[in-house]
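Heads up: the structure comes next, in structure tokens.
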Amino acid sequence: MVLGPCSGKRKGSTGGVKQLLLDAGFFVGKVMETALEEEVEDLLCPEGGSRGTSGEKKSSKGFAKSAFHYDEQRDCYKCPAGEELLPLGQSHDDGKRLTRYGGAPCQPCELREQCTSNSRGRTVKRYEDDEIKDALRDVMRHPAAQREYSRRKGMVEPVFSELKGIQGLQRFRRRGLDKVRLE
């Protein structure tokens, strides 16, 4: 799979999907893994929530995880102050394997108040699907990918505008899941 803008049609000669332009709500490892399995050639999906949030997640710990740079060669994170966070151990969270990184000398750091309130210093979790997410983040920073993704607005948003604005469909009129599906 190529993560980036493609130049061609949406359907491949084999009948498979060549390009997916997904809403930010689909920035999930499982979705990206499925796209790889289905041999989607071109996947564009911005990071962040689907309701107008930016790519930067707000963290109660301070800096978002995206402010930390992962060095694959050394298997460590670099914090915004330039210190290395090394692997502390592995565990599972909701069935997903993760590695916890930490151990940087946070006590004397000037950025400590902006980064963490933990007395033992800042930790960062790296999930098994973070490699795919990092690759997609890099692709979405590219101007060509942003131009290609901006085409999605012209395809998807008019449908919602028609349903909500012109037809007045602000909510479902029926009760019950079966009736809502019918509607």
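Test each condition in (1) closer than 29 Å to Q73 by Cβ; (2) out of contact with any Phe, Trp or Tyr (no Cβ under 7 Å at 6 or more places or on another chain) for E148 and report the one that comes out false. Failing condition for E148: (1). Residues that are on the phi > 0 side of the Ramachandran plot and in a loop (DSSP other than H, G, I, E, B) within region 79-105 comprise G82, D94, G95, G103, listed in sequence order.
Which of the residues spanning region 81-112 are open to solvent by 60 Å² or more (accessible area, probe 1.4 Å) and in contact (Cβ under 8 Å) with a residue 24 or more places away in the chain? Correct list: E83, L88, K96, R97, R100, E110.
When the residues of region 13-45 are filtered to those that are part of a loop (DSSP other than H, G, I, E, B), open to solvent by less than 60 Å² (accessible area, probe 1.4 Å) and closer than 19 Å to D134 by Cα, the one that is modelled with the lowest pLDDT is D23. Of all the residues in region 46-80, those that are open to solvent by 70 Å² or more (accessible area, probe 1.4 Å), farther than 20 Å from R141 by Cβ and modelled with pLDDT of 80 or more number 2. Within region 114-125, the residues that satisfy the criterion of being more than 11 Å from G102 (Cα to Cα) and surrounded by 14 or more Cβ atoms within 10 Å (Cβ to Cβ) are C115, T116. Against the list (1) surrounded by 15 or more Cβ atoms within 10 Å (Cβ to Cβ); (2) within 17 Å of the chain's Cα centre (by Cα), the condition E128 fails is (1).
The values are calculated or read from the model by the stated rules, or taken from the named source; none is laboratory data. As the structure is a computational prediction, the values presented were derived from the model and not from experiment. Quick reminder, even Gly has a Cβ in these numbers, built from the backbone with ideal geometry, and neighbours come from all protein chains shown. Note: areas computed on protein heavy atoms with side chains; ligands, DNA, RNA excluded. Shrake-Rupley method; radii C 1.70, N 1.55, O 1.52, S 1.80 Å.
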